[in-house]
Amino acid sequence: MLIDTIFFYVFALLTLGGGLLTITRRNAVHSALSLIVSLLGVAGLYLMQQAEFLFAVQIVLYVGGIMVLFLFVIMLVNLDLSAKERQFNGQWMVALVAVAAVGAEISWFLYRGQGAFQLADTAGAPSAAAFAVTTTGNTEILADVLFQEYLLPFEIASILLLVAVVGAVVMAKKRI
Amino acid sequence: MLTAVPISWFLTLSAVLFALGVAGFVFRRNIITVFMSIELMLNAVNLSFVTFSYHQKQVNGHLYAFFVMVVAAAEAAVGLAIILTIFKNRSTLNIDDVDSMKN
C-alpha cells in the first residue's frame with residue numbers, strides 16, 4: 001500500500017531529523033525539543049506496527065515524563081556559559097571514524113542478511129504470546145502475557161524502580 | 001494485514017538512529033546532551049524489538065521494549081540527580097572538566 005510507505009517516510013523523517021538536530025544543536029533546550037520530535041516519530045512507527053500500547057506508553061512516559069524531567073534539569077542548571085564554548089570533543093575525527101565504522105558494519109550485516117528476515121510462519125506453534133484473533137486488543141494480549149509469563153521480570157522491574165527512587169532521593173538530599 | 005513497508009527499512013532506520021545516538025554520545029561535551037543520546041540509542045533498540053515482534057506475530061518483543069522503557073525511566077531519574085549533584089559541586093557540565101578519576 002502506498003499510504004503505508006508515505007507514513008513510513010514521514011515518521012522516519014521526523015525520527016532522523018529530530019535525532020540529527022538533537023546531537024547538533026548548541027542550545028540544550030533546542031536539543032531536548034528535537035528529541036521530543038524524534039520520540040514522537042518513533043511512536044508513530046510503533047503505531048504502524050500495531051503496538052498501540054507501546055505507542056501510548058511512549059508518549060505518556062517518554063514525551064510526557066522523561067523529557068519534562070530533562071527540561072526541568074536544563075532549567076535548573078545554568079547552561080549559558082557552556083553554550084558559548086566549543087561543543088564537540090577534541091578527538092572528533094577519531095569519533096567520526098568509529099561511528100562510520102559502526103554504521104557501515106550494521107548496514108553491511110543488514111544488506112548481507114536480506115534473506116534472513118523471511119521469518120517462518122509461527123502459526124504451527126501457537127503460544128500464549130501469539131497474536132490472538134484481531135478482535136482482542138493489543139493491550140489485552142500484552143497484559144495477559146505480562147502478568148502470566150513475565151510476572152517475575154515485572155516484579156523485578158518494580159524493585160528496580162524502588163531502587164531508583166531511593167537513589168534519586170539520596171543523591172538530591174543534603175542530609176539524610 | 002502486514003504493512004507493505006519491508007522489515008529491512010525499519011531495521012535500517014533503527015540502525016541509523018542508533019548510529020546517531022553513538023555519534024552524539026562520543027561527540028558532545030555537554031553531559032545533558034550525552035544523556036539525551038543514550039535515550040536515542042535506547043529508542044533505536046526498542047524500534048528493532050517492536051519490528052521483530054510485529055513480523056514474528058508475537059508480543060514478547062513489545063514486553064522487552066516495555067522493560068527497556070522502565071529501565072530508561074529509572075536511569076533518567078538517577079542520572080539527572082547525578083547531573084544536578086555534579087553541577088552543584090563543580091558548577092560545570094562539561095565532561096572534559098569532570099575527570100577527577102583520571103589522575
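Does segment B:46-66 contain at least one residue that is more than 8 Å from chain A (Cβ to nearest Cβ) and under 27 Å from A:HIS30 (Cβ atoms)? Scanning segment B:46-66, I find no residue that is more than 8 Å from chain A (Cβ to nearest Cβ) and under 27 Å from A:HIS30 (Cβ atoms), so the answer is no. Within segment B:21-45, the set of residues being under 18 Å from A:PHE8 (Cβ atoms) and at the interface with chain A (Cβ under 8 Å from one of its Cβ atoms) comprises just one member, B:ASN43.
Filtered by the rule that a residue be in contact (Cβ under 8 Å) with a residue 40 or more places away in the chain and among the aliphatic types (A, V, I, L, M), segment B:1-37 gives B:LEU2, B:ILE7, B:LEU11, B:ILE31, B:ILE32, B:VAL34.
Those helices (runs of 4 or more DSSP H) of segment A:63-153 in which at least 2 residues are modelled with pLDDT of 70 or more, surrounded by 11 or more Cβ atoms within 10 Å (Cβ to Cβ) and not assigned by TED's automatic domain parsing to the domain that holds A:MET48, considering only elements entirely within it, cover A:92-112, A:138-148.
Residue-level check: of (1) among the aliphatic types (A, V, I, L, M); (2) over 19 Å from A:PHE8 (Cα atoms); (3) within 10 Å of another protein chain (Cβ to nearest Cβ), A:ALA43 misses just (2). Against the criterion of being more than 11 Å from the chain's Cα centre (by Cα) and of a type outside the set (A, V, I, L, M), B:ASN46 does not qualify.
For (1) in contact with a Ser or Thr (Cβ under 9 Å, 6 or more places away or on another chain); (2) of a type in the set (A, V, I, L, M, F, W, C), each residue gets a yes or a no:
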residue	(1), (2)
B:THR12	yes, no
B:ALA15	yes, yes
B:VAL26	yes, yes
B:MET41	no, yes
B:PHE52	no, yes
B:PHE87	no, yes
B:LEU93	yes, yes
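Contact map, segment B:82-95: first residue closer than 13 Å to A:LYS174 by Cα and at the interface with chain A (Cβ under 7 Å from one of its Cβ atoms), second residue open to solvent by less than 70 Å² (accessible area, probe 1.4 Å) and not in a helix (DSSP H, G or I), Cβ cut-off under 8 Å, separation 6 or more or different chains; pairs are B:LEU84/A:VAL77. Close contacts from segment B:62-77, counting a first residue that is touching a residue at least 12 places away in the same chain (Cβ under 8 Å) and in a helix (DSSP H, G or I) and a second that is among the charged types (D, E, K, R) and open to solvent by less than 10 Å² (accessible area, probe 1.4 Å), with Cβ to Cβ under 7 Å and a gap of 6+ residues or different chains, come to B:ALA72/B:GLU39.
The values are calculated or read from the model by the stated rules, or taken from the named source; none is laboratory data. Keep in mind that this is a model prediction, so the values were computed, not measured. Using ideal geometry, Cβ is built from the backbone for each residue, glycine included, and neighbour counts are taken over all protein chains shown. Heads up: the accessible areas ignore ligands, DNA and RNA and are worked out on the full protein's heavy atoms, side chains in. Shrake-Rupley method; radii C 1.70, N 1.55, O 1.52, S 1.80 Å.
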